[in-house]
Amino acid sequence: MMTNPLLAPITELIDYAAIQADHVEPAITQLLQQARQAVEQIAQQSTPTWESTVPALHLATEQLWRAWTVVGHLDSVINSPALRDAKNQCLPRITEFSTWMGQHQGLYQQYLALSQSPDYAHYNAEQKRTIELALRDFRLGGVELQGQARQRYGEITEQQALASQRFSENVLDSMDQWALYITDASQLAGIPADAQAAFAQAAAADDKPGWKITLKMPSYLPVMQYADNRELRQTLYKAYATIASDQAENTDLDNSDVIEQLLRLRAEKAKLLGYDSFADLRLETRMADNAHQVIDFLNDLARRALPFAQRDLEQLKAHAQQLGIADFQPWDAAYVSEKLRQSQYNYSEDEVKQYFTEPQVLNGLFDVAQRLFGVEFKPATLSVWHPDVKAYEVHNQHQQAIGYLYIDLYARSGKQGGAWVNSERSRRYHPDGLYLPVTYLICNFSAPQDNKPALLTHDDVITLFHESGHALHNLLSTVDEPDVSAFAAVEWDAIELPSQFMENFCWEYPVLKTLSAHVDTQEPLPLALYQKLVAAKNFQSGMQMVRQIEFALFDMLIHHQSRGLTIQEVLETLDQVRNEVAVIIPPAWHRFPHAFSHLFAGGYGAGYYSYKWAEVLSADAYAAFEENATTTADGSRDTLDPATGARFRDEILAVGGARPAAQSFVAFRGRQPSAEALLRHSGLSEDAA
C-alpha cells in the first residue's frame, strides 16, 4: 500500500506534491485515535512531572495538529471539491477532539498539580509561562463547566467551526462564480496593458474571445483604479460589495444567516464562561484591558484623523468635478484617487511597478533581513504544492539552519484571496533533537506575463514585507517550549507588531534601491520617482485611517453585546459607526460584513482593533531605528542599523510569547509605547514627517 504523506514523522518535511484528497480522512482518523489514547495515558498519571506531562502531550498530539494544519493550508491554496469535502468530513471530529482536550479534567488536574508542586519553583520562565497559559486556556476552554453547560460548550465550538468554514466557502465560491466577459476593447480604455493582457489570458483559458474580468484583486483593482468606463467600475463595485450576500446576483451563497449564527454562538459561549459579551471574553487574553479601553482608543484616533479625512474627501470631490464627474460615487473613489495622485505627484502606480520585479524584490527583502537580523535564505529543493512555490532553508548569523520557508506569491483559481503567514511546525526540542520551524508565506500578486518576471506594485512590496515580519517571528524564535514559541502565545493585539514594523523599510531609499531593477533596463528606482512616492505616502492617509477605525469599531460594537445581533442590527450598527467616523458613505445595498472574513472566518472577531493597536507599537519601535539612522553618500537616511536590529530580534522576535508583549516592548524600547510616532508617520500630526 502507498504510504500516506500526511503520516510522515514530525522530524521529516512534508511531501506536499504527493498529497491527495483521499489521504486526508484515513490520516486524520488514525492520528486522532493515536492522540486520544496517548492523551488519556498522560491524564491518568498519579504523580505528574514536567517531562511526563508537557513534552509528552506534545508528542501525543503534534503529528495530528501538523497534519490538520497541512490540510487546512492546502484547502486555502489549491482548493478543490474533493479536498474541501475531505476537510469538511474531518472538521467536526477535529473540533470535538480539541474541545475534549480543552475540557479534560484529568489533564487540567495534571497541570494544576505541576503548578502546585515543589518543582515549580525550579522551572525556568518559559516553563512557568507554559503552565500559567495552559491553566488559563483550560478555564477559557470550559474545563470548569459541568453537565449540560459543558456539553453545550462543545456543541457551540463545533457549530462555530462549521459556520466559519461555510462563511469562507461562500465568499470564495461567490467570488469565483462571478465573471464578466468583454469583447469590445474600447470598454477597457485606461486600464494598463499588463492587466489587459492578463484579462485576455483568462478569457483564452476559458476558450472565450476578448477579456475576462473577475473579482480577484489583480483583476478588480486595475479596473477600479484605471478604467475610464464609469459603468464598468460601477458593475464591478456592486459585484464586489455584495459578495456572498442577499444583494448578490446569486443569493444561494448569502452569508446573512451565517453571520447571525456566529454572533449568537459567540455571545452564548461568553455567557457560559461567565462573561457579559464575546468582546469581554476575547480581551481576557489581550494586551488591552477591556472593550471600553479599546473603544476609547479607537475614538481618540478617529478624533485626530477625521479633520484630515474630511480634507482628503474635499480634494477628491473637487478633482472629480475637474474630470467631469459631478455626482461623486464610491465607485469613483479609487479612479479619481489615482488621477489625483498622478496630477499631484506626477507618477502612476503602473510606472512604479516597472521597477519592482518579483525576483529583485525577494532578493532585496532577504538582504534587508540579513542586514537587520543576520539571517540568510538559501534556496532548497523541497516538495511543493504548486509549481509557483519557492522553498528556502533559513540560516542564522552563526550559519546554523534555523527553519524552512515556503513562499507562494501568485493569485490563481482555487486559492483564497489576501495574504497571510502560517506555521506548519514550531521550533521545539524533542528526544530526537531540535525541530526547526516550518513557515508558509502566501500572497496573491499578479502572475508573470509574456515571459517577463512578475511586476509588483509598491503596495505589493509593502504586503510582502508585512508578511515577512510574521514569518521572521516564527523562524527567529529561540524559545524551546512550543506553547510559548514564536507567535503561539503572543497576545493577538501585539501579533501584528513585527509585520507592521517591517513595512516601514519600504519607504527608505537605500532599501528601495536594493529592491528595484527596471523590467527592461535593470535601472534601480530613480531618486526623483522615489521622492514622488514619499510625497504621496500619506496621500489620503486620513481617509485610510478612518476606514480602518470604521472596521475596528464595527467589530468591537457587534461583539460587545449581551446577545447575538440580527443581520438587520449588524447593518444598523455599521451605519451608526459610519455616521460617526466615515467620510465616504456607501449605497444602502452595500454588504461589507458578508465578506469580512477576518471577523467571521479568520480569528479577528472582537480583535480587528489590534491592527491599529499594534501599529502604535510598530511605529514606535521603528522610531528607534530612525533615532539610530546614518546618512548615505547620496544624502538618504539608512535605518538598517544592525545593532538596533539585533536588539529587536532578541527582545521581540526571538522571545515570541515567552513573556507578555508589553514587557518585550519595554525591553526593546526602554519605555511604554506612545502613539505619536504613528500619527507622525501617517501625516496626521502637526510635525508630520
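The values are calculated or read from the model by the stated rules, or taken from the named source; none is laboratory data. From a predicted model like this one, the values you see are computed outputs, not experimental measurements. FYI the Cβ positions are ideal-geometry reconstructions off the backbone, even for glycines, and counts take in every protein chain you see.
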For the range 611-627, what are the residues that are surrounded by fewer than 23 Cβ atoms within 10 Å (Cβ to Cβ) and either free of Cβ contacts under 8 Å to residues at least 12 places away in the same chain or of a type in the set (S, T, N, Q) (or both)? GLU627
Residue, surrounded by the most Cβ atoms within 10 Å (Cβ to Cβ), within the range 200-215, restricted to residues that are out of contact with any strand residue (DSSP E or B) (no Cβ under 7 Å at 6 or more places or on another chain) and small (Gly, Ala, Ser): ALA204
Please determine whether any residue of the range 36-56 is aromatic (Phe, Trp, Tyr), part of a helix (DSSP H, G or I) and crowded, with 19+ Cβ neighbours inside 10 Å. no
Residues in the range 90-111 that are hydrophobic (A, V, I, L, M, F, W, C) and surrounded by fewer than 16 Cβ atoms within 10 Å (Cβ to Cβ): how many? 1
Scan the range 244-251 and give yes if some residue there is without any contact (Cβ under 8 Å) to a residue 40 or more places away in the chain and buried (at least 21 other Cβ atoms within 10 Å of the Cβ), otherwise no. no
If you check GLN576 against the conditions, is it of a type in the set (S, T, N, Q), under 30 Å from ALA320 (Cα atoms) and surrounded by fewer than 21 Cβ atoms within 10 Å (Cβ to Cβ)? yes
If you check ASP207, ASP228, ASP246, which single one turns out to be at positive phi, among the charged types (D, E, K, R) and modelled with pLDDT of 95 or more? ASP207
Which helices (runs of 4 or more DSSP H) does the range 224-286 wholly contain that include 3 or more residues that are under 24 Å from GLN177 (Cα atoms)? 230-241, 256-272
Could you tell me whether the range 280-289 includes any residue that is buried (at least 23 other Cβ atoms within 10 Å of the Cβ) and β-branched (Val, Ile, Thr)? no
Picking from GLN63, GLN30, the residue that is surrounded by fewer than 17 Cβ atoms within 10 Å (Cβ to Cβ), modelled with pLDDT of 95 or more and of a type outside the set (Ser, Thr, Tyr) would be GLN30
Per the filter on the range 367-411, residues of a type in the set (Phe, Trp, Tyr) and touching a Phe, Trp or Tyr at 6+ places or on another chain (Cβ under 6 Å) are PHE377, TRP385, TYR392, TYR406, TYR410
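Which one is farthest from ARG264 (Cα to Cα) among residues in the range 635-645 that are among the hydroxyl-bearing types (Ser, Thr, Tyr) and assigned to a loop (DSSP other than H, G, I, E, B)?
First pass over the range 635-645, keeping only residues among the hydroxyl-bearing types (Ser, Thr, Tyr): 636, 639, 644.
Filter once more, keeping what is assigned to a loop (DSSP other than H, G, I, E, B): 636, 639.
Values: SER636: 54, THR639: 48 Å.
In this case the residue turns out to be SER636.
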What's the number of the condition MET2 fails, among (1) at pLDDT below 95; (2) assigned to a helix (DSSP H, G or I)? (2)
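Here's a check for you: in the range 612-634, which residue that is part of a loop (DSSP other than H, G, I, E, B) and touching a Phe, Trp or Tyr at 6+ places or on another chain (Cβ under 9 Å) is modelled with the highest pLDDT? Break it down into steps so the answer makes sense when it comes.
First pass over the range 612-634, keeping only residues part of a loop (DSSP other than H, G, I, E, B): 628-629, 632-634.
Keeping just the survivors that are touching a Phe, Trp or Tyr at 6+ places or on another chain (Cβ under 9 Å) gives 632, 634.
On the way: THR632: 92, ASP634: 85.
The selected residue is THR632.
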Please determine, by comparing only the residues of the range 426-467 that are modelled with pLDDT under 95 and among the aromatic types (Phe, Trp, Tyr), which one is farthest from GLN63 (Cα to Cα). TYR429
Given the conditions (1) of a type in the set (D, E, K, R); (2) in contact (Cβ under 8 Å) with a residue 40 or more places away in the chain; (3) out of contact with any helix residue (DSSP H, G or I) (no Cβ under 9 Å at 6 or more places or on another chain), which single one is not true for ASP408? (3)
Just need a number here: residues in the range 432-455 that are farther than 17 Å from GLU358 by Cβ and either touching a residue at least 60 places away in the same chain (Cβ under 8 Å) or assigned to a strand (DSSP E or B) (or both). 7
Consider ASP687 carefully, then state whether it is in contact with a Leu (Cβ under 8 Å, 6 or more places away or on another chain), in a loop (DSSP other than H, G, I, E, B) and at pLDDT below 95. no
Kindly provide the set of residues from the range 651-663 that are in contact (Cβ under 8 Å) with a residue 40 or more places away in the chain and surrounded by fewer than 23 Cβ atoms within 10 Å (Cβ to Cβ), ordered by number. ALA654, ARG659, PRO660, ALA662
Could you list, in sequence order, the residues of the range 288-335 that are aromatic (Phe, Trp, Tyr) and under 30 Å from the mean Cα position of the chain (by Cα)? PHE297, PHE308, TRP331, TYR335
Got a sec? Which of THR11, THR99, THR69 is within 24 Å of ASP432 (Cβ to Cβ) and in contact with a Phe, Trp or Tyr (Cβ under 8 Å, 6 or more places away or on another chain)? THR11
